[in-house]
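Each value in this text was obtained by applying a stated rule to the coordinates, not by laboratory testing. As the structure is a computational prediction, the values presented were derived from the model and not from experiment. Cβ coordinates were reconstructed from backbone atoms using ideal geometry, including for glycine residues, and neighbour counts include every protein chain displayed.
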């Protein structure tokens with residue numbers, strides 16, 4: 001190989017190396033520009049410098065902006081539809097709860113009513129001193145006989161002796177009508193149980209819908225804690241009364257803290273609902289408020305079954321339920337929602353529990369935000 005040939009080969013190699021480094025530099029610059037413009041597009045900032053230019057970078061940037069706008073429109077539409085669905089669920093739930101509450105009230109009124117003396121239709125049973133009547137003989141209404149309704153007044157017979165009101169008695173044991181009246185109380189209880197179950201399902205649906213989107217927006221104002229506690233207790237007092245559970249509160253009317261009354265009452269109500277659910281009959285729940293240096297503590301102490309220490313950190317998880325309480329109604333959303341609401345207000349919830357003795361939930365709200 002001559003010296004001239006070697007020089008040509010060396011020159012060609014240098015030329016190729018220069019071309020490689022040149023295009024590599026251009027490629028690195030292109031990738032760097034695309035990454036920078038992509039970050040700008042993701043922040044929603046238009047890339048004015050690359051608009052309508054006949055370059056590869058401009059084409060890529062314009063395509064990314066087009067995709068970003070399309071994605072933003074779809075996301076906005078999805079959020080709008082989800083919000084509309086949430087509002088519809090919430091509205092339907094509130095509308096259904098009103099007739100359910102009315103039906104529960106009427107069930108209680110029906111259960112408290114006394115059984116009427118002459119249910120329709122009654123069965124007349126002859127007394128010991130009353131001549132026996134055949135199936136063809138019927139009661140004959142007269143001036144001395146108490147007025148009967150159309151269902152109680154039967155066809156008179158000419159040979160039927162007249163009976164006064166003292167000459168017959170009503171047999172409750174052998175009368176289908178009375179059996180039906182006694183069964184009516186059972187039917188009222190069954191209907192009341194089904195209404196309670198329906199109300200529980202509606203509450204669960206409402207809680208689940210609130211968690212699906214950012215529906216909870218606390219409006220922080222300096223309010224009396226006593227008013228918030230009253231709102232929470234009023235919603236749970238009926239359920240506590242069914243188990244004869246006493247709810248007492250120790251709170252000064254002068255204690256105020258910055259919080260959202262509606263949502264904080266919802267959180268406390270969820271904790272009280274759990275306390276009532278897992279406290280046996282004739283138990284008690286005590287609420288007390290303590291003002292500290294940084295936080296105001298709302299303490300809820302019950303005499304329930306308590307919580308296993310191994311699961312005390314799991315009770316605030318979404319849909320979590322202990323196996324020992326799986327027979328009780330619930331989906332494991334109440335405490336999760338309570339902690340979520342209090343956390344949004346810069347507070348926290350602590351719990352102490354002794355199995356078999358009860359639990360104590362502390363809702364702590366900051367004195368200053």
Practice problem: Using label points projected 7 Å from each Cα along Cα→Cβ, tell me how many nm separate residue 189 and residue 74, to one decimal. | Solution: 5.7
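Specify whether the C-alpha gyration tensor of the stretch 3-73 places it in the rounded, prolate or oblate class, a ≥ b ≥ c being the square roots of the eigenvalues: rounded for a/c under 1.5, otherwise prolate if a/b is larger than b/c and oblate if not.
prolate
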Quiz item: Quick one: Cα convex hull volume of the stretch 219-366, Å³ per residue?
Solution: 103
Quiz item: Between residue 227 and residue 319, what is the spin-label point distance in nm, taking each point 7 Å from the Cα along the Cα→C-beta axis?
Solution: 3.9
Quiz prompt | Global form of the stretch 285-369, assessed from the alpha-carbon gyration tensor, a/c cut-off 1.5 | solution = oblate
Quiz item: Can you work out the FRET efficiency for the pair residue 55 and residue 14, with r the C-beta to C-beta distance and R0 = 22 Å, to the nearest 0.05?
Solution: 0.15
Quiz item: So what is the relative contact order of the stretch 219-366, in percent, for Cα pairs below 8 Å that sit 6 or more residues apart?
Solution: 25
Practice problem: Give the calculated FRET efficiency between residue 34 and residue 308 to the nearest 0.05, with a Förster radius of 51 Å applied to their Cβ-Cβ distance. | Solution: 0.35
Quiz prompt | Packing-based order for 71-84, 262-275, 32-45, 298-311, using average beta carbon neighbours within 10 Å, highest first | solution = 262-275, 298-311, 32-45, 71-84
Self-check item: Rel. contact order, % - alpha carbon contacts under 8 angstrom, at least six apart, the stretch 3-73
Solution: 23
